[in-house]
Every structure is written in structure tokens, then in C-alpha cells.
1. According to the square roots a ≥ b ≥ c of the eigenvalues of the Cα gyration tensor, what is the shape class of the range 20-137, taking rounded for a/c under 1.5, prolate for a/b larger than b/c otherwise, and oblate for the remainder?
2. Over the Cα atoms of the range 347-458, what is the Rg over Rh ratio if Rh follows Kirkwood?
3. For a protection proxy built on the mean count of beta-carbon atoms within 10 angstrom, sort 9-19, 294-304 highest first, please.
4. Dividing the Cα radius of gyration by the Kirkwood radius, what Rg/Rh value follows for the range 162-270?
5. Setting aside same-chain residues fewer than 8 positions from K384, which lysines have a Cα under 30 Å from its Cα?
6. So how much slack lies between R7 and R161, counting 0.36 nm per residue of separation and subtracting their Cα-Cα distance, in nm?
7. In whole Hz and in residue order, list the ³J(HN,Hα) couplings for the range 388-401 that follow from phi through the Karplus curve 6.51 cos²θ - 1.76 cosθ + 1.60, θ = phi - 60°; x for Gly and Pro.
8. Taking θ as phi - 60°, what are the ³J(HN,Hα) couplings along the range 174-182 by the Karplus curve (6.51, -1.76, 1.60), each to the nearest whole Hz, with x for Gly and Pro?
Amino acid sequence: MGEMTARLLVIGGGPGGYAAAIRAGQLGVDTVLVERDRLGGTCLNIGCIPSKALIHVAEAFGRAAEQAEASPFGLRLGRPSLDLARAMEWKEGIVGRLQGGVAALLKRSGVRTVHGQAELLDGKTCRVETDTGPQTIRAEHLLLATGSEPADLPGLPFGGRVLSSTGALALTEVPEHLAVVGAGYIGLELGMAYARLGARVVVVEAAERILPAWDAELTRPVLRRMERLGMEVLTGAEARGLAEEGAALRVATAEGRERRIAADAILLAVGRRPRTRGFGLERLDLTMNGPFLRVDERCATSMRNVWAVGDVTGEPMLAHRAIAQGEVVAGIVAGERRAFDPVAIPAICFTSPEVVAVGLSPTEARQAGHEVRLGQFPFSANGKALAEDAEEGFVRIVARADNHLVLGIQAVGQGVSELAAGFALALEMGARLEDVAATVHAHPTRGEAVQEAARMALGHALHL
Ligand code: FAD
Ligand code: NAD
């Protein structure tokens, strides 16, 4: 049996684990990373990146189809067609390039990577079955970055026509009828992509509205777009299971009736579960926070020198949170005084149009006891948005009424995901409305809507 020792042992090579390992290596910490599957984890291989590639394909196809039907600026196109199998190959090529990049970065920072499933023996040791035999790894510090996996429903286990996001990201033909269970991030991002690619999509959501975790005003343009795409949305509805005959899903509607929805494929997207079982974690008897590992602001678990980052530590289960936590842990292991304590973690739903939320919504700000000042600027008054035939949506800024400190910025509209960096920077730097309003924003850009929203909150928008 092979034996290795290290200062830091990282279990899981997703965004949380690989970011921690790269940074630890850069800081001179002797680090070993164990990954049982592919470097890059959920995000790179079966999550963020492949889903955005598919959304890009759907966007390109959808635009071409819309322009072919009626172009407001006289473009003449034939009806497009798509080879989805080729699109999936292209997507896998991107994933492969990024995976190679992660492997190279780990190597460059001196991290040793072990391929295989880690079985924890205690808080400092794991055993890995590798292709060349078992390997024991001992370290002073252990970082758990084991991520999450899709949740299924009792009457609807994954398999056959019932797909998780992983299956939906590997289809080689567009299903004629797609049923989507769950109108959260995955259900809407992938459901809308397949609707744009020509599938007839029905979305079944248990809550009263789509994207129930987001405020209704922000998600309204998404719902309107879904309706224009011919998607059917059943809210307050429950998926019961597969129909015995035919390709259909049984659904209990809000009105208490049972409906059968035609479905060649069913995308089940009702959330994800932290990965805490099957690798000896129970031996450590760590304090839990519901199904997640409990961590403090340094990402420390209840056992000394055992750390945890990413999806296994709870909401929001987002890659940029995992990466930021991973960097913090690397710093701490290297001797720095660090904490994971951001003012805000941006959230983006890559629907069509996109939705961005950073910091507090008006309701959340009021619930937190603030008297608020709001500014909301529509893209219908923004030159760049109009010139790009994308006037739907708005930017909204939320600030304290007394000292004008910006508490939150949200937006919905085409391409607004790229505005998220500026929103987060404003909050993290403690910007006031006056700072945003006085910052010279380049013209013509959608970013001007942010400046105008701040001006509006101060009572003097220029272009409205
Ligand atoms: P993971 O990425 O899940 O990585 C954990 C790794 O640990 C895995 O590679 C796993 O194989 C490995 N592992 C687990 N147990 C062991 C073991 N015992 N031994 C060895 N290895 C082990 N987030 C965003 O911020 N933006 C997005 O646009 C976005 N889109 C998404 C789209 C989809 C379809 C999905 C499913 C998720 C998306 N996410 C997105 C969420 C994002 O993927 C996760 O938040 C992120 O991957 C979490 O990183 P992590 O390092 O905690 O875990
Ligand atoms: P989600 O939590 O975003 O949405 C799940 C939805 O399913 C909710 O609206 C919920 O009300 C609904 N639901 C739950 N049980 C149901 C039932 N029995 N019947 C019908 N509806 C039901 O979860 P998700 O879409 O599976 O995504 C998982 C996680 O992955 C997200 O929380 C997010 O952290 C991450 N993710 C992020 C992005 C992004 O950042 N753009 C994209 C995809 C995934």
C-alpha cells in the first residue's frame, strides 16, 4: 500500500476543492487533492459551464429562428436547423479545455492529485483506491469539498425518461415533449433552452410562482418570455409519478385534479443534496446544520483542523461561493488571518432574459429594519438596449434612506449577467447612491442603467 503525507488534504476537485488546492500550493502549502471523477467537479463538467454552452446554442438557434420569421431590421434568413449531437460535442470540447486548464494550474502550483474515491479513516487520514492500488494519505489539515448531487422525488426516481440536469445536458435530440419538474435555477435555465430549441415544454412547480426564491417583480419578464415561447407553467402543482401507459407524467394540479402531461423526457430539478454519505464522514461525527456540514466564518467544522467549503456547507450552492471559501481556507492553512464574510454573494439565473440579484431586495431591506430609497430604470430608456432589440427589463437599486448606503442591486434583461461584477463591487466597497451616480459610465452601454437607477433614487434621472 502506498503512503503519502501532506500539510493539506483536499477531498473533492470541484470549484471549492480545486480553488483551495491551487491557492494553498501558491502559498507554499504541501497539498494533495483527491478526486474520484473529473477535475472541475459539478460546475465544470455537468453544471455551470455545459449548461451555459447549451444556453448559448439555444440562444443562437432561437434568434436565428425568430429573425427568419420576422426581423425588425430586415434580415433575411431561411429556417435554421440544429444538429444537437454536434452541439453536445462542441460543449464537451469546451469542458475538456477547461478541465485541462484546472489540471495544469494544480500541477503548476505543486499540488499532487490522486484519482479515486477517498474513504475517510479519521480527521487526518483517508484511504483511496487508485488504479495502481490502495493509497493512504495523512495530513495535518483536512478540507472537505465533496459538493452535492441532484435530489429526486419518491415517486419519480432518476432513470429512463426521468433525467437529472446531467442527463438533460447530454441529450442528442431535442425531445418533442419535455416536462420539467421544478421552476428553480435548473428547471428554468434548461427548460427555456429546450423550448427555444423547439421542444414543447410544460413546467410543474410546487410553489405559487416560478423562481419562488426571487422577488416577483424581477421574474415577471421571464414568465412573459416563457409564455411567448409557448411554455405552459403549472404552479401550485405536484408531480406524482409516471403514467402507467404512454410517455406521460402524472401531475396533481393546484385545482386538485390529476393531469397527464405528455413527456418524452422529464427533467427533475427540485434541488440538490449535499454529499455527506458513502465515504466514512460519519466517523468524524461532525456537527451538522440540517443536511449540511456546519462551518463557522473561517469554514472550520466542529473538529480542529477539519475544514469544509462549497455545496456541502449549504446555501447558496453556487460555484463562486465555493471558490471564495476555498481561497479563505487555503490562506488560513498557510497562516493568514482570513474569514469568509462577504457583504453579498451575487446570484444569477441564466434564463432569457437573465436575472441578477446582489444584496437585499426592497422587501428584504425593509424586513431588516431599513427605511429604503429605491431607483428603478427600464432598459426601454437605454440606448444600447434599444439598439440591440432588447428593451425588456430594468435595473433596480436599493439604498438606505438615511445615509444612501447601497444595500442591493438587481436587474433583469438581456446580458445583465455581465453587470453582476459591478453590482457586487459597489456593495463590497460600501458605495453610496452618490458614488454610483457620480461614476462616469461608458456610453452606450447597459451599465448606464445602473447609474440612472442611482440618479433616480436621488430624484434626478437624466433620461427618464
Ligand atoms: P462539486 O462541484 O460538486 O465538486 C465536488 C467534487 O467532489 C466532485 O467532483 C466529486 O466527484 C468529488 N467527490 C465527492 N466525494 C468524493 C470522495 N469521497 N472522494 C473523491 N472525490 C469526491 N453555480 C454557479 O455559481 N453558477 C452557475 O451558472 C451554475 N450552474 C449550474 C448548473 C447546473 C446544471 C448545476 C447542477 C449546478 C450549477 N451551479 C452553478 C452550481 C455549482 O455547480 C456548484 O455550486 C459547485 O459545483 C459547487 O462546488 P463544490 O466544489 O462545492 O462541489
Ligand atoms: P432550486 O432550488 O433552484 O429549484 C428547485 C425548485 O423546485 C423550487 O422552485 C422548488 O419550489 C421546486 N420544487 C421542490 N419540490 C418540488 C416538487 N415536489 N414538485 C415541484 N416542484 C418542486 O434547485 P435546482 O433548480 O435543482 O438547482 C439546484 C441548485 O443548483 C440551485 O439551488 C443552485 O444553487 C445551483 N444552480 C445554480 C445556477 C446558477 O447559479 N445560475 C444554475 C443551476 C443550478
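The values are calculated or read from the model by the stated rules, or taken from the named source; none is laboratory data. These numbers were taken from a predicted model, which means no experiment stands behind them. All Cβ positions, glycine included, derive from the backbone under ideal geometry; neighbour counts span all protein chains shown. Side chains are part of the model used for accessible areas, which takes the heavy atoms of the whole protein and leaves out ligands, DNA and RNA. Shrake-Rupley method; radii C 1.70, N 1.55, O 1.52, S 1.80 Å.
1. Values: a/c = 4.15, a/b = 2.92, b/c = 1.42.
Prolate shape, in that a/c is at least 1.5 and a/b is the bigger ratio.
2. Numbers: Rg = 13.0 Å, Rh = 13.6 Å.
That ratio is 0.95, to two decimals.
3. Working: 9-19: 29.8, 294-304: 16.1.
Sorting 9-19, 294-304 by mean packing, highest first, produces 9-19, 294-304.
4. Numbers: Rg = 12.9 Å, Rh = 13.7 Å.
Result for the range 162-270 is an Rg/Rh of 0.94.
5. Counting by Cα, and skipping residues close in sequence, K384 has these lysines nearby: K52, K91.
6. Values: separation 154, 0.36 × 154 = 55.44 nm, distance 4.56 nm.
Gain on extension, R7 to R161, equals 50.9 nm.
7. Once θ is set to phi - 60°, the couplings for the range 388-401 become 10, 6, 9, 8, 6, x, 6, 10, 10, 10, 10, 9, 5, 5 Hz.
8. Using θ = phi - 60°, the values come out as 6, x, 5, 10, 10, 9, 10, 9, x Hz.
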